[in-house]
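First comes the structure, then the notes that go with it.
The values are calculated or read from the model by the stated rules, or taken from the named source; none is laboratory data. Computed from a predicted structure; not experimentally measured. Here the Cβ is made from the backbone with ideal geometry for all residues, glycine too, and neighbour counts use every protein chain on show.
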Amino acid sequence: MEEQINLRLSQVEIWKRIFLMLLFAVIITIVRWLAWAVILLQLFFTLISGEKNSHILSFGRGLAIYDYHLLLFLTFGTDVLPFPFSPWAMQANLTSPDEK
């Protein structure tokens, strides 16, 4: 058992994944703060004009999908790397590593 753990810890792929997870953990924190800014901006715009701003709405949707991709990667739900390693305009559905 201990040999298997040592073997896994010596693999470069696991350390690469750990590094990327730490990087994306920082990015998801920034994304969440940015999402709150979008929420408040849309609320303010709606209060002032009485309508939703389509540009803010579009940006918010893209941000929500990006957040979803970050969470999937961080929770091992997918091996697909989020932006900037993949296109920004990815779809909301991804295949899990088990579905390959």
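Of the candidates ILE30, ILE39, the single residue that is surrounded by 11 or more Cβ atoms within 10 Å (Cβ to Cβ) and either at negative phi or assigned to a helix (DSSP H, G or I) (or both) is ILE39.
Criterion applied to ALA35, ALA64, ALA92 was being modelled with pLDDT of 95 or more, of a type in the set (Gly, Ala, Ser) and over 20 Å from GLU13 (Cβ atoms), and the one residue passing it is ALA35. Of all residues in the range 42-68, those that are in a loop (DSSP other than H, G, I, E, B) and acidic (Asp, Glu) total 1.
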